[in-house]
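The values are calculated or read from the model by the stated rules, or taken from the named source; none is laboratory data. All values derive from a computational prediction rather than experimental measurement. Quick reminder, even Gly has a Cβ in these numbers, built from the backbone with ideal geometry, and neighbours come from all protein chains shown.
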Amino acid sequence: MKKNIVYPWYFALVSVIIYGIFSVLPGLIGIGYSFTDWSAYSNELHFVGFKNFAEVFSGNSDYLRYIENTLLFTIVTTVFKTGLGLLFAIALSSKIKFQNFHRGVLYMPSVLPILVTGLTFTSILNPKMGFLNNFLRAIGLDALAMKWLVDPKIAFFSVMGVDIWRGTGYIMTMLIAGIAAIPKVYYEAGSIDGANGWQRFRYITLPMLKQTIAVTIVLNVLYGLKVFDIIYALTNGGPGHRTEVMYTAVFKMMSKGLYAEGTTISSVMFIFMVIIGFFMIKILTKDEVVE
Amino acid sequence: MSKRSAYLTQAVLQNILAWVASLMVIVPMVLIIINSFKADGETMAISAQLPKLWHPENFATVIEKGKLVRSFLNSLLYAGVSTVVTVLFGSMAAYIFSRRRSGFVSFLYMFVILGMVIPVNYVALTKVMQLTGLNNTSLGIILLYVAMQTPFTVFLIFGFVSKVPVELDEAAVLDGCSPLRLYFSIVMPLLKPALITASVLCFLNTWNEFTMPLYFLNTSEKWPMTLAIYNFFGQYEMSWNLICADVLLTCAPVIIMYLLCQRYIVGGQTAGAVKG
């Protein structure tokens, strides 16, 4: 049986072409444009060398702060989603009443449009009339009632909090599937040897979950670096750029007609993610055979 | 005895944790439902008070003022067509990639699934959209969604193709089956569970997507539900009764889909993460 006749390469043609033109091509020509002074205000293009990149990485520009914010968002949300996801996954893996109800409810936020979640929380987190502050005042915790999305000091953490609310259930669900795949005999052997709950977790669950946790971390990091919707809906980068990340900054530059700046930031991201992407793909495709 | 009490403490803590977490998810959702029935002026913000009078007509108001019928049909068109195209051609590609794992073809597979990590350069994409004449067109949005969803779809189906025995292909070829017929009448039917999972995920993702229309659709007649609700939010910032009604109507299709296809959604998103 000749493989190249039975499995003709043109079966992949449509997918590869559409994907290539609309995903890869913009990334590549975007790198080209980041060496020019492309903008909405002039029809002429001039080669400017590394000027745009120098601007992005010079300490006195705001761009560096947007990159830092993006990384901070990625790290904090990844840590919390993984930690809480693991905690809930363990709580909902052993016998508990209403197990499926809890699992279903916790997963729910991750199927809703992210934008809608963001819009809803602008009201819940409203400092004067918002539900959260009303609730805190009602139970006597007035001191905790803060200006969640308005106070520059805490706005970014509020945004991350909403995103953790939204994304933890998804991570939990993956970890539950991972825990369910661990053969029961390990736990039986563990309890015969007298291992307590913590020891069973530390020496059986955790090592056996390594691959699943690695995959969830990759997914969280990918989401975090590309985050846009939730921030656009909650704060749109404010107050005073405190919650500005790369994609919200790119959107603003685009609206202002600063195409060269926008494409430069995007290209920095593109190159960075293609490089780390190879490692991430390796983790995602490890032991290709899917159960 | 002490072992038993330790076990009991653990069970209590476990239940408290589960209920606190679930309530944190349920409360905002209940609040949205309650507030969507309130009168104008009763809702400067979402609150826990029950409506004085229930106003189900809010939904009719929102459908009319927010032009939801049109945006619902737009969302349906974008998500529906892009899902069919992505899954049909994506599964053909995954099948070839999985069967021929050598040389150029395996390079193509890597090239495609690299799309799961690379970020979109929206600024340069604008240039591509203008050059191809697809800016501000429904076809353009559909193609963008196909491009966006293809990498994960190919990745997901790739894993399932290897479970379809190659012996089937060999037997079919001996009987004189053409490559197209081999795929469509023998392999594809066996991939049905994977195709359903991929379709459900694809549909949900494109239904919820917001950024592409934000960049590439200027005329409100073409807006999907996500962009329509964002615009509605800007116009009626103080009428949270109407916004909540709009939120419910925008989320209803995905929630219904979630309840009906939970098995496929959870199965598909966890496949690939769990290798026993």
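List of remarks:
- Restricting attention to the range A:1-37 and to residues that are polar (S, T, N, Q) and more than 9 Å from B:Ala147 (Cα to Cα), the residue that is modelled with the lowest pLDDT turns out to be A:Asn4.
- For the range A:268-291, residues that are at the interface with chain B (Cβ under 7 Å from one of its Cβ atoms) and within 30 Å of A:Ile154 (Cα to Cα) total 3.
- Residue tally, condition part of a helix (DSSP H, G or I), in contact (Cβ under 8 Å) with a residue 60 or more places away in the chain and of a type in the set (A, V, I, L, M, F, W, C), over the range B:208-248: 13
- Against the conditions (1) in contact with a helix residue (DSSP H, G or I) (Cβ under 6 Å, 6 or more places away or on another chain); (2) aliphatic (A, V, I, L, M); (3) surrounded by fewer than 19 Cβ atoms within 10 Å (Cβ to Cβ), A:Val105 satisfies every one except (3).
- The lone exception for A:Phe50 - which of (1) in contact (Cβ under 8 Å) with a residue 12 or more places away in the chain; (2) more than 12 Å from chain B (Cβ to nearest Cβ); (3) touching a helix residue (DSSP H, G or I) at 6+ places or on another chain (Cβ under 7 Å) it fails: (3)
- A:Val290 passes every criterion in (1) modelled with pLDDT of 90 or more; (2) surrounded by fewer than 22 Cβ atoms within 10 Å (Cβ to Cβ); (3) not charged (D, E, K, R) apart from (1).
- Test: residue in the range A:5-19 that is farther than 30 Å from B:Arg101 by Cβ and crowded, with 20+ Cβ neighbours inside 10 Å: no
- Residue list for the range A:98-125, filter: within 7 Å of chain B (Cβ to nearest Cβ), among the aliphatic types (A, V, I, L, M) and part of a loop (DSSP other than H, G, I, E, B): A:Leu112
- Scanning the range B:98-114 for residues that are more than 7 Å from chain A (Cβ to nearest Cβ) and of a type outside the set (Lys, Arg) returns B:Ser98, B:Ser102, B:Gly103, B:Phe104, B:Ser106, B:Phe107, B:Tyr109, B:Met110, B:Phe111.
- Residue within the range A:37-46 that is surrounded by 14 or more Cβ atoms within 10 Å (Cβ to Cβ) and in contact with a Pro (Cβ under 7 Å, 6 or more places away or on another chain) present: no
- Screening the range A:158-256 for helices (runs of 4 or more DSSP H) wholly inside it with 2 or more residues that are within 20 Å of the chain's Cα centre (by Cα) and crowded, with 17+ Cβ neighbours inside 10 Å returns the ranges A:210-225, A:229-234, A:246-256.
- Subset tally (residues that are within 21 Å of B:Val247 (Cα to Cα), without any contact (Cβ under 8 Å) to a residue 60 or more places away in the chain and either touching a strand residue (DSSP E or B) at 6+ places or on another chain (Cβ under 8 Å) or more than 8 Å from chain B (Cβ to nearest Cβ) (or both)) for the range A:126-153: 1
Yes or no, residue by residue, for (1) at pLDDT below 90; (2) facing another protein chain (nearest Cβ under 7 Å); (3) crowded, with 23+ Cβ neighbours inside 10 Å:
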{"position": "B:Thr126", "(1), (2), (3)": "no, no, no"}
{"position": "B:Leu131", "(1), (2), (3)": "no, no, no"}
{"position": "B:Asn136", "(1), (2), (3)": "no, no, no"}
{"position": "B:Thr153", "(1), (2), (3)": "no, no, yes"}
{"position": "B:Val187", "(1), (2), (3)": "no, no, no"}
{"position": "B:Pro193", "(1), (2), (3)": "yes, no, no"}
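- Within the range B:135-157, one or more residues are small (Gly, Ala, Ser), assigned to a helix (DSSP H, G or I), in the same structural domain as B:Arg70 (by TED's automatic domain parsing) and within 17 Å of B:Gly90 (Cα to Cα).
- Among the residues of the range B:249-271, those that are assigned to a helix (DSSP H, G or I), over 22 Å from B:Pro28 (Cα atoms) and within 9 Å of chain A (Cβ to nearest Cβ) comprise B:Ile265, B:Val266, B:Gly267, B:Gln269, B:Thr270.
- Count of the range B:2-18 residues, restricted to those that are facing chain A (nearest Cβ under 8 Å) and either aliphatic (A, V, I, L, M) or surrounded by 14 or more Cβ atoms within 10 Å (Cβ to Cβ) (or both), is 5.
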